[in-house]
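Reviewing the structure listed below.
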Amino acid sequence: MSSNLLELTSEDDLKNVIEQNKGSVIFLDFWATWAQPCSQMNEVFAELASKNSLIKFVKIEAEKFPELSESFEIEAVPAFIVLKNGKIAERINGANAPELTNTVAKYAKVSTLVTGKSVVTGEKRAFDLNTRLKELINSSPVMAFIKGTPTQPRCGFSRQLIEILNENQVKFSSFNILADEEVRQGLKEYSNWPTYPQVYINGELIGGLDIIKELIASGEFKGMIPKEKDLNERLKELTTKGNVMIFIKGSPEAPRCGFSKTLINILNEKKIKYEYFDILQDEEVRQGLKTFASWPTYPMVFNKGELIGGLDIIKELDSSGELDTMLASEKSI
């Protein structure tokens, strides 16, 4: 077991860890022996601990510490809590290995800055949060900030909103505010709206559930929904999102197939900057891009909107030295 990974034996253990690591990030893993998903996530948790020595990881068997579980509002396992300065910064519910991995990676970068070269100030953190909130709000023409997910809403208001949007055939994206305490609290101030859910259209706050109900009753809501983009137009925008754009299964931090993982390793080793799109998250894009690009398999790599090819092509270009020449301007310093 890694030295930064602790299996809780008493509540005092956690108090001591928090006391001894003031200003540091601590990840808590609430699990149970009877829940099968916990077994796999415990392995992921241990692996992340072994790779991130600057972060403390604590495993807590939820039923052995019922008061502690209640104090952290644990409703189901597995559940993961991020503590920052002893307070809850984020929570991740369920066996979501990619989300846990991405969250650890995010805090690992902050920990490196704090313990290494520079300290991130409160003013800088606020700026970064506002930038992130703006990106989230504008990440989809219709964006809903809800408790839970569209398939598993965690409150009645969020459930009603999802039902209304689906009944009106509105295509929307969502963000689970229960999974990120920083966004949950920050968005209230950013938007000057104290409750959830919140709905944004084209980056502008429309309001909560009551407002949406009123707009639908008056007939105004239908006219506010952006016209859906043609698929080819959307694919063109996606392929030019970054100078180097890759379409993969999963994410760079948690690839979901060997070919995607190999491609990411090559680009990272070459220090090539790229944007990515997870084709497992959008079946329309997954199937449409094959026709759009006349390329039947994934991953795919585009350079300035032009298809380079898949993994085999990238390997050939790498072996011949052409990849360095082709993507020289995209290398990070």
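The values are calculated or read from the model by the stated rules, or taken from the named source; none is laboratory data. Computed from a predicted model, the values in this text were never measured in an experiment. With ideal geometry, Cβ positions are generated from the backbone for all residues, glycine too; neighbour counts draw on all protein chains shown. All accessible areas refer to the heavy atoms of the entire protein, side chains included, with ligands and DNA or RNA removed. Shrake-Rupley method; radii C 1.70, N 1.55, O 1.52, S 1.80 Å.
Of all the residues in the stretch 236-291, those that are among the small types (Gly, Ala, Ser) and in a helix (DSSP H, G or I) number 3. Among the residues making up the stretch 157-177, those that are touching a helix residue (DSSP H, G or I) at 6+ places or on another chain (Cβ under 7 Å) and open to solvent by less than 50 Å² (accessible area, probe 1.4 Å) are Leu161, Ile164, Phe172, Phe175, Ile177.
Considering only residues that are under 14 Å from Leu8 (Cβ atoms) and either in contact with a Cys (Cβ under 8 Å, 6 or more places away or on another chain) or without any contact (Cβ under 8 Å) to a residue 40 or more places away in the chain (or both), which ones fall in the stretch 34-46? Quick ask: steps written out before the conclusion?
At the first step, the residues of the stretch 34-46 found to be under 14 Å from Leu8 (Cβ atoms) are 42, 45.
Scanning the stretch 34-46 gives a single hit, Asn42.
Just one of (1) in a helix (DSSP H, G or I); (2) within 13 Å of Gly94 (Cα to Cα); (3) not small (Gly, Ala, Ser) fails for Lys15. It is (2). May I ask you to verify whether Ser251 is closer than 28 Å to Asp230 by Cβ and open to solvent by less than 80 Å² (accessible area, probe 1.4 Å)? It is true that Ser251 is closer than 28 Å to Asp230 by Cβ and open to solvent by less than 80 Å² (accessible area, probe 1.4 Å). Can you pull out the residues in the stretch 284-308 that are over 14 Å from Ile246 (Cβ atoms) and exposed (fewer than 14 other Cβ atoms within 10 Å of the Cβ)? Across the stretch 284-308, the qualifying residues are Glu284, Gln287, Thr291, Ser294, Pro296. Condition (residue is free of Cβ contacts under 8 Å to residues at least 40 places away in the same chain and over 29 Å from Gly250 (Cα atoms)) applied to the stretch 83-98: is it met by at least one residue? Within the stretch 83-98, one or more residues are free of Cβ contacts under 8 Å to residues at least 40 places away in the same chain and over 29 Å from Gly250 (Cα atoms).
From the list Lys84, Lys134, Lys64, the one residue that fits, being open to solvent by 30 Å² or more (accessible area, probe 1.4 Å), touching a strand residue (DSSP E or B) at 6+ places or on another chain (Cβ under 7 Å) and modelled with pLDDT of 85 or more, is Lys84. Residue count for the stretch 69-81 under the criterion of being more than 19 Å from Trp34 (Cα to Cα) and either open to solvent by 10 Å² or more (accessible area, probe 1.4 Å) or in a helix (DSSP H, G or I) (or both): the result is 3.
Take the residues of the stretch 32-55 that are outside any helix (DSSP H, G or I) and not hydrophobic (A, V, I, L, M, F, W, C): which is least open to solvent (accessible area, probe 1.4 Å)? Result: Asn52.
Screening Gln281 on (1) under 17 Å from Leu231 (Cβ atoms); (2) open to solvent by less than 30 Å² (accessible area, probe 1.4 Å); (3) within 21 Å of the chain's Cα centre (by Cα) shows it passes everything except condition (2).
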